Amino acid sequence: MLETLTVQDSVELAVVERSGFVESRHAGAAVVLSPDGEVIARHGNADALILPRSSLKPLQAIACVTAGAVLEGEQLALSTASHVGTDRHASVVRDMLTEGGLTEDDLGCPASWPSDSATRDELVREHGEPTRIRMNCSGKHAAMLRACVATGWPTTGYLDPSHPLQQHIRDVIERLTGEKIAHTAIDGCGAPVHAITLIGLARAIHRIGTASDRSPFALHRVAGSLVRAVRENPWTIEGPGRADTIATEKLGVFTKHGAEGVMVMVAPNGTTVALKMLDGSTRASTIVAATLLARAGGLSDADVTALGQALPLTVLGGGADVGVIRPGTGI
């Protein structure tokens with residue numbers, strides 16, 4: 001059976017400090033690429049296979065557009081998002097479907113309550129129920145359906161790995177990562193998710209994050225447009241008060257977390273990091289990624305300090321600040 005990195009492959013990426021006592025440790029692996037795409041730092045086994053989970057969404061979104069989906073601005077940004085299901089998010093996804101002659105019933109993702117607590121509470125007060133459009137991957141699924149409509153592929157069965165859309169996505173992933181997919185699994189939303197190496201993911205995200213929307217090459221042009229759409233609409237990528245949105249707003253980075261502790265981040269100058277927390281936790285991923293970028297010259301120390309103050313990294317004891325979640329000694 002294929003598997004991800006082991007404990008022996010990992011280094012300490014982050015710790016949780018409470019009242020001067022290191023209470024927990026997050027181990028994993030990370031790789032940093034220079035603005036020109038060269039590996040400049042490895043922490044742990046960066047050649048290990050991972051399932052990128054939602055960190056794969058930028059690659060999937062680019063594949064959908066190159067397959068024919070016409071998406072711009074907020075709609076393009078939502079195609080790569082793990083959104084929290086606010087009314088604003090749902091409205092854009094609904095427009096993506098309507099403009100393609102589709103409805104929420106066409107979505108193959110499961111029904112879900114919004115993860116934004118205020119929106120969820122309001123829906124409960126209104127006697128609402130979980131819906132597919134509120135699911136955090138609904139933008140990705142809407143983009144997949146739009147690609148099928150544009151190309152003439154069937155919308156039924158669009159999540160099957162053998163469907164023409166998923167075969168096209170697979171091809172784009174292999175082009176961007178520069179490696180063959182090692183294994184295919186099913187993500188939480190029902191879409192295929194592919195095992196690639198951590199360094200392969202870093203290379204793909206670097207190519208996306210440094211692409212120009214004026215490139216003569218269609219793949220790079222779409223990638224540049226995607227990054228610009230997210231940077232111009234940071235609320236789309238996750239939501240108010242959430243780490244990806246905060247980092248995009250404050251630092252101008254292109255960033256995308258994935259379930260099970262995966263994170264990718266590209267600085268404005270092109271310095272790129274990809275990491276995997278072995279225990280699957282995401283709570284330290286953003287600050288660790290930003291710290292690695294700063295150490296490589298992609299961000300300033302002041303940037304990281306400002307980000308840390310905006311993220312929920314404080315450890316509380318009796319309602320008071322008694323500690324912090326911070327980068328570990330392995331980086």
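The values are calculated or read from the model by the stated rules, or taken from the named source; none is laboratory data. All values derive from a computational prediction rather than experimental measurement. Cβ atoms come from the backbone with ideal geometry, glycine included; neighbour counts cover every protein chain shown. Keep in mind that these areas ignore ligands, DNA and RNA; they rest on the heavy atoms of the full protein, side chains included. Shrake-Rupley method; radii C 1.70, N 1.55, O 1.52, S 1.80 Å.
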(request) Pop out the carbon and sulfur fraction of the accessible area of the chain as a percent, whole number, probe 1.4 Å. (result) 49
(request) Counting helices only, and only those DSSP H runs with n ≥ 4, report the 222 nm mean residue ellipticity of the chain as the sum of -39,500 (n - 2.57) divided by its residues, in deg cm²/dmol to the nearest 500. (result) -11500 deg cm²/dmol
(message) If you take every residue apart from residue 103 with its C-beta less than 14 Å away from the C-beta of residue 103, what net charge results, scoring Lys and Arg +1 and Asp and Glu -1?
(response) -2
(request) Apply the membrane-span-like helix rule to the chain: whole DSSP H runs, Cα extent along the own long axis of at least 18 Å, mean Kyte-Doolittle hydropathy at least -0.5. List the helices found. (result) 138-151, 218-232
(message) Counting just the Cα atoms, what span does the range 106-253 cover along each of its three principal axes? Round to the nearest Å and put the largest first.
(response) 49, 40, 29
(request) Set the Förster radius R0 to 41 Å, insert the Cβ-Cβ distance between residue 25 and residue 231 as r into 1/(1 + (r/R0)^6), and round the FRET efficiency to 0.05. (result) 0.80
(message) Residue by residue through the range 324-331, what is 3J(HN,Hα) from phi via Karplus (6.51 cos²θ - 1.76 cosθ + 1.60, θ = phi - 60°)? Round to whole Hz and write x for glycine and proline.
(response) 7, 8, 9, x, x, 7, x, 10
(request) Determine by what factor the alpha-carbon radius of gyration of the chain differs from 2.2 N^0.38 Å, reporting the quotient. (result) 0.96
(message) I'd like the Kirkwood hydrodynamic radius of the range 37-169, using the inverse of the mean 1/r over distinct C-alpha pairs, in Å.
(response) 15.8
(message) Only Cα pairs within less than 10 Å get springs; with that Gaussian network setup on the chain, which residue of 47, 279, 116 has the largest fluctuation?
(response) 279
(message) Can you tell me which aspartates and glutamates have their Cα less than 12 Å from the Cα of residue 180? Leave out same-chain residues fewer than eight positions away.
(response) 171
